[in-house]
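Asks: First the structure, which I've put down as structure tokens, then a few questions once you've had a look.
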Amino acid sequence: MERHVAGTFSFSTDLANEEMYAEEVLAVGGNLHIVDVYEKWCGPSRAGASMLKKVFLEGNPKIKFWRACSEAVDSLKEHGGSCEPVFVIVKDGAVKGKVVGIDAPGIAKFVKDLAPPKE
């Protein structure tokens, strides 16, 4: 399930299709899910991966990281269409917001406001 690209994305998992998005993200309550939505022609953002890795290294197992091609996941198509990175924030089966571009403070605010406490 997990795909490693030059070691950069080893902390996140690819969402291959709508069914996987529904099962792994929408149906799993209690966690904060950050989905890097990208276009097939440009791929996931390396700068975005670097930004998210800092959040990952804080060690909260209740924050899950995903990558999804907007063309493969129907629910995420509305967030595609640009070469600018888009990070969709999901908790308890609902999209809580999105961060457009490499915006570390924007991601940090969602993590602060929505992430469950570390165990």
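The values are calculated or read from the model by the stated rules, or taken from the named source; none is laboratory data. Bear in mind the structure is a predicted one, so any value in this text is a computation, not a measurement. Heads up, the Cβs are rebuilt from the backbone with ideal geometry, glycines too, and the neighbour counts pull from every protein chain shown.
Asks: Can you work out which of the residues in the range 67-119 that are more than 22 Å from residue 30 (Cα to Cα) and hydroxyl-bearing (Ser, Thr, Tyr) is modelled with the highest pLDDT?
Replies: 70
Asks: Being in a strand (DSSP E or B) and basic (Lys, Arg) is the filter; apply it to the range 32-74 and report the residue that is surrounded by the most Cβ atoms within 10 Å (Cβ to Cβ).
Replies: Taking the candidates together, the pick is 67.
Each row is one residue, and each column tells you yes or no for (1) within 24 Å of residue 109 (Cβ to Cβ); (2) touching a helix residue (DSSP H, G or I) at 6+ places or on another chain (Cβ under 9 Å); (3) of a type in the set (Val, Ile, Thr).
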position	(1), (2), (3)
23	no, no, no
52	yes, yes, no
62	yes, no, no
69	no, yes, no
76	yes, yes, no
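Asks: Condition test on residue 15, is it among the hydrophobic types (A, V, I, L, M, F, W, C), buried (at least 16 other Cβ atoms within 10 Å of the Cβ) and touching a helix residue (DSSP H, G or I) at 6+ places or on another chain (Cβ under 6 Å)?
Replies: Judged against the criteria, residue 15 is a match.
Asks: Applying the selection to the range 38-75, what residues are among the aromatic types (Phe, Trp, Tyr) and touching a Ser or Thr at 6+ places or on another chain (Cβ under 6 Å)?
Replies: The answer is 65, 66.
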